1. Enumerate the pairs (first residue in the stretch 295-306 and within 20 Å of S411 (Cβ to Cβ) and of a type in the set (F, W, Y); second residue anywhere and at pLDDT 95 or above and crowded, with 22+ Cβ neighbours inside 10 Å) with beta-carbon separation below 6 Å, excluding pairs fewer than 6 apart on the same chain, so at least 6 apart or on different chains.
2. Specify the residue that is modelled with the lowest pLDDT; the eligible residues are those in the stretch 66-115 that are over 23 Å from the mean Cα position of the chain (by Cα) and not in a helix (DSSP H, G or I).
3. Where residues in the stretch 127-184 are of a type in the set (S, T, Y) and open to solvent by less than 10 Å² (accessible area, probe 1.4 Å), which of them is farthest from T373 (Cα to Cα)?
4. Testing H164 on (1) farther than 30 Å from E228 by Cα; (2) not in a loop (DSSP other than H, G, I, E, B), one condition comes back false. Which one is that?
5. Examine the stretch 409-416 for a residue that is buried (at least 18 other Cβ atoms within 10 Å of the Cβ) and over 25 Å from G155 (Cβ atoms), and state whether such a residue exists.
6. Just to check your reading of the model, which residue among D23, D45 is acidic (D, E), open to solvent by 60 Å² or more (accessible area, probe 1.4 Å) and in contact (Cβ under 8 Å) with a residue 60 or more places away in the chain?
7. With the checklist (1) assigned to a helix (DSSP H, G or I); (2) surrounded by fewer than 24 Cβ atoms within 10 Å (Cβ to Cβ); (3) modelled with pLDDT of 95 or more; (4) not polar (S, T, N, Q) in hand, flag the one item R264 doesn't pass.
8. Given S352, S377, which one is out of contact with any Ser or Thr (no Cβ under 8 Å at 6 or more places or on another chain), surrounded by fewer than 15 Cβ atoms within 10 Å (Cβ to Cβ), in a helix (DSSP H, G or I) and not basic (K, R)?
Amino acid sequence: MNSIATAITITELLAGQPPVWPDDPFAAIRATVAASATRLVVLDDDPTGTQTVHDMPVLTTWSVAALAAELQNQGPGFFVLTNSRSLTTAAAASLSREIGANLRCAVDATGVPVQVISRSDSTLRGHFPAEIDALMQAMGTPDLPRIIAPCFFEGGRLTAGDVHYVAENDRLVPAAQTPYAQDAAFGYRHSNLRDWVVEKTGGRVAVDQVASVTLADLRTGGPKQVSERLVSLPPQSCCIVNALEYRDLEVFVAGLLAAGQQGRRFVLRSAASLVRVRAGIAPIDLLDRGDVVGNTDTGGLFVVGSYVPKTTAQVEALIAGSAVQGIEIKVRDLLEDRRRAEAIAGASKAASQALSRGRDTVLYTSRNLEKGTDADSSLAIGRRVSKSLIAIVGGIDCQPRYLVAKGGITSSDLATRGLGVRRAMIIGQMLPGVPV
């Protein structure tokens, strides 16, 4: 239960855990994925889901024709950037129904089977279970068991004993005790994922109806035990995946694929780490400067909309520890109609001047969090701020040497609305967990 979960060190967490499964199943996973006709379709509720993969396309549109064309391309699968985390629950569910219906039509038209992953936040923020329920209903598969795997190793998000932890400095803190759990739209009280499912389903799913794949299953029983556990899941059930490192996830995916070969199907709700393993993608070296920086004399541009404390610390370090010029945008000005246009024009002019002089520049929103009266109004504030950032970037009169976006809504809106991207290829990681 969440009431007994306490912050611990990774050493303390590992103490008493069985050693990892000795056999490396990844080569077999890659072979199975390569030989399979099934395509992986990753519905990403903000742009951070691509932070573990490379050489996979991302769609920002989901017409039947676009989905059908992508299903027939080579490769393990593709992402669809929905940005649904920026929406209200009702709007996110409606979007999921639309995508699910289109995907069902695309599957019928092409005959290509799919495995759907609903990729969401490794700190448990997002529209669960509403968008999965709507998606599966529209696809005609409402009874599929829901697999929940929020681990994201690159970001220090681990699950053990069904408790989800977030790394903060040298400690692993139960997720419900972090600032992420205080999110105005997606807050929660439980770190134990079985209790979290009960909380998020409003008690529709009882705690004894939530199964889990334990570390003992993974590390002692191996893929065979995982497969047996998954095959036994009843319809519409939920199952938690515990994992502390990639070998744990590889064993899980090997068991998942084995269960699939027995005709069992599942929908996956995961963070980024599971996507890479299920897609059979091996990691590559980090990209270098030449891969991401243009050959111009202008400065590079950072655009920061995220307001969580960790982002604030990063912005402060960026400005204090480098020659990067900071341009603060007062959120309260963006929320007031009479001051919004002036604030946007002023920020665009200041950024244009700095960039044209070759100065790397960071546009960032004021660090005070402006909340609405409820979850929906808080999301509306976020959308207004994001639209304003797009307008500011659109008003810059020179092309920056590079563009870095920070924040899920910010990143998605800059790509889709600011740059007009409809399909892009993920080329890899600039830094661990930083997709390009």
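The values are calculated or read from the model by the stated rules, or taken from the named source; none is laboratory data. As the structure is a prediction and not an experimental result, all values here were calculated from the model. Glycine gets a Cβ as well: all are built from the backbone with ideal geometry, and neighbour counts include every protein chain shown. Accessible surface is based on the protein model in full, side chains and every heavy atom, while ligands, DNA and RNA are left aside. Shrake-Rupley method; radii C 1.70, N 1.55, O 1.52, S 1.80 Å.
1. F302/V362
2. Q74
3. Applying the filter and picking the extreme gives T159.
4. With respect to (1) farther than 30 Å from E228 by Cα; (2) not in a loop (DSSP other than H, G, I, E, B), H164 is out only on (1).
5. No, the stretch 409-416 contains no residue that is buried (at least 18 other Cβ atoms within 10 Å of the Cβ) and over 25 Å from G155 (Cβ atoms).
6. D23
7. With respect to (1) assigned to a helix (DSSP H, G or I); (2) surrounded by fewer than 24 Cβ atoms within 10 Å (Cβ to Cβ); (3) modelled with pLDDT of 95 or more; (4) not polar (S, T, N, Q), R264 is out only on (1).
8. Step by step, each of S352, S377 is checked, and only S377 is out of contact with any Ser or Thr (no Cβ under 8 Å at 6 or more places or on another chain), surrounded by fewer than 15 Cβ atoms within 10 Å (Cβ to Cβ), in a helix (DSSP H, G or I) and not basic (K, R).
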